[in-house]
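K.L.:
Shown below is the structure under consideration.
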Amino acid sequence: MLPPKQNFSEWFHEIIQQAEIMDIRYPVKGLYVWCPFGFKIRQLVYSKLRELLDRDHDEVYFPALIPETELGKEGEHIKGFEDEVFWVTHGGLEPLDVKLALRPTSETAMYPIFKLWIRSHADLPLKVYQIVNTFRYETKHTRPLIRLREITSFKEAHTAHRSYEEAEEQVKEAVKLYKEFYDFLAIPYLIFRRPDWDKFPGADYTIAFDTIMPDGRTLQIGTVHHLADNFARTFDIKYETPDGDHAYVHQTCYGISERCIASLISIHGDDLGLILPFEVAPVQIVIIPILYRGREAQVEELSRKLFEKLKDYGYRVLLDDSDERPGAKYYKWELKGVPVRFEIGPKEAETGTVVISFRDEKKKFSLSFEEITKEKIEEWAKELKQRLRNRAIEMAKSKIKFFDNLDDLANWIEQRGVGFVYLCSSTECGEVVEENTKGSVLGRFEELPDWLEGFEYKGKCIVCGGEGYLTGVAKTY
Ligand code: 5CA
């Protein structure tokens, strides 16, 4: 049994184990094992991300070890990461001449090579990505899928362009791409421009996607950084312009980690277990034969016939003909988030019908074997996605409220969710908000989601009364 989702922290801790997503018993803090079922979800989710990126990025692989001399070159970057780096200091018993960092992210692995790859304007734009593991010596509370010391599926894209403006266009493209990805997963997000003190180390600015977890805290599920020519100057990445001059490139990078899986589990799941969108469910349809002694043959025959038909359609379908009782089977497949369940008992076998239910709804209904077509199933998948999206949006909305007073704001984010306020650009006013609420300023909206209405973008700063912008404040993971 799972604890109720209301106790989100325990629920999350339990569901990833009971649904066989992660094994959390690995003896190194912040490192976890992917179980076969969890890994299948990961593959399905990441194949979508790959599909989106493959449209106009090339996949590459850069090494996991970065020489200290390269990692330390960009001043801001190393300042941001120095207390998070794992170091390789020895080869066998020999101390290394130059210490090697396990990549916390790959700018400093890639950009010395970008310098060699980029010669002329014709080499631009350069758009590559890799899906690799990265290592961060996190000191905040580590948690499976959410805060890892080995991020096992870090999807990082890196691009280089001729100008600041072209790189800015790419930032917008990347935001569009991540929107498409999270819409595909039916996960609502808020898109903020992070305040200056919280941008990626070395970036000109950072755009972040945050989702609201069931306990009201936000989870940063993706970031897009405009790097301007900061790294290009450090790593001397120049190109020859059409008129023969030499100019620094402008760069962007953007990344998503397995937090996308954490949000998928957390936003859609319920007291019974996972609820997965059809496209990313390792088992999309389960068929459960209800056997009565003496009448097994007919039930088994129809079940098998249905199984073959669905397999031919190309679905990931499972016929659970194990010896367990039907109730135990329901329980197991609900826990694993199987979107569609078919039951076939003696009555169905006689009439050539099937009882159908969806993971996110209580009701059951019947269709004849012939009525179960590919079109029908596709329609169900779409409707399920819409229901998940609506439910998730309702949940998100219930956790958002506007404030013009710091005490009420502090209360709300402590107990409920995300507070919206107007805030000016000054660091001092931001600090006042963070100190008084014990929350984080997520930044001003880059764009308001279409499901949020009734908010004006500009207003008076909650601290100084100057010109302010609609800004999110929350407790964060
Ligand atoms: N090089 C850039 C773009 S790939 C970069 O490293 N950006 S980042 O630091 O913001 O990380 C990208 C995303 O990875 C974050 O938005 C966050 O969602 C996720 N992430 C960061 N640290 C962790 C961690 N310790 N565990 C899990 N996910 C993490």
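K.L.:
Under 14 Å from a point placed 7 Å out from the Cα of Phe455 along the Cα-to-Cβ direction: which residues of the stretch 173-197 have their backbone N that close?
P.N.:
Those under the cut-off are 188-194.
K.L.:
Let me check against my output: what whole-number percent is the relative contact order of the stretch 278-380, with C-alpha pairs under 8 Å and at least 6 apart?
P.N.:
Reported as a whole number, the value is 31 percent.
K.L.:
I would also like to ask the following. Quick one, what does Rg over Rh come out to for the stretch 226-313 if you take C-alpha atoms and the Kirkwood Rh?
P.N.:
Using Cα coordinates only, the ratio equals 1.45.
K.L.:
In terms of the Cα gyration tensor, with a ≥ b ≥ c the square roots of its eigenvalues, is the stretch 8-268 rounded because a/c is under 1.5, prolate because a/b exceeds b/c, or oblate?
P.N.:
Oblate, since a/c reaches 1.5 and b/c is not below a/b.
K.L.:
So how many Lys-Lys pairs in the stretch 12-163 land under 20 Å Cα to Cα, not counting same-chain pairs under 8 apart?
P.N.:
The result is 11.
K.L.:
From Cα pairs below 8 angstrom and at least 6 apart in sequence, can you work out the relative contact order of the chain, rounded to a whole percent?
P.N.:
Once normalised by length, the contact order is 14 percent.
K.L.:
Let me ask you something else. Only Lys, Arg, Asp and Glu count, each charged at its Cβ (+1, +1, -1, -1), so figure out the dipole size of the chain about its Cα centre, rounded to 20 debye.
P.N.:
1440 debye
K.L.:
Can I ask one more? Please give the charge dipole size of the stretch 230-378, origin at the Cα centre, charges +1 on K and R Cβ atoms and -1 on D and E Cβ atoms. Round to the nearest 20 debye.
P.N.:
With Lys and Arg at +1 and Asp and Glu at -1, about 500 debye.
K.L.:
Here's another thing I want to ask about it. Between Glu379 and Tyr164, how many nm apart are label points set 7 Å from Cα along the C-beta direction?
P.N.:
Spacing of the two 7 Å Cα→Cβ label points: 5.4 nm.
K.L.:
Hey, another quick one. Would you work out if the stretch 400-474 is rounded, prolate or oblate? Take a ≥ b ≥ c from the square roots of the eigenvalues of the alpha-carbon gyration tensor; rounded if a/c is under 1.5, else prolate when a/b is larger than b/c, oblate otherwise.
P.N.:
Since a/c reaches 1.5 but b/c is at least a/b, the shape of the stretch 400-474 is classed as oblate.
K.L.:
Students often get this wrong, so check it: of Lys332/Lys362; Lys179/Lys401; Lys179/Lys336, which have C-alpha atoms separated by over 19 Å?
P.N.:
Lys179/Lys401; Lys179/Lys336
K.L.:
Relative contact order of the stretch 65-190, please, whole-number percent, based on alpha carbon pairs below 8 angstrom and at least 6 residues apart.
P.N.:
20 percent
K.L.:
Continuing with the same structure: Would you list Lys199, Lys374, Lys140 from fewest to most Cβ contacts within 10 Å?
P.N.:
Taking fewest neighbouring Cβ atoms as first place, the list is Lys140, Lys374, Lys199.
K.L.:
Right, another one. Taking a ≥ b ≥ c as the square roots of the eigenvalues of the Cα gyration tensor of the stretch 7-96, is the shape rounded (a/c under 1.5), prolate (a/b larger than b/c) or oblate?
P.N.:
oblate
Values quoted throughout were computed directly from the atomic coordinates according to the rules given, and no laboratory measurement underlies them. Since the structure is predicted, the reported quantities are computational estimates derived from the model, not experimental observations. Here Cβ is always computed from backbone atoms with ideal geometry, including for glycine, and neighbour counts include all displayed protein chains.
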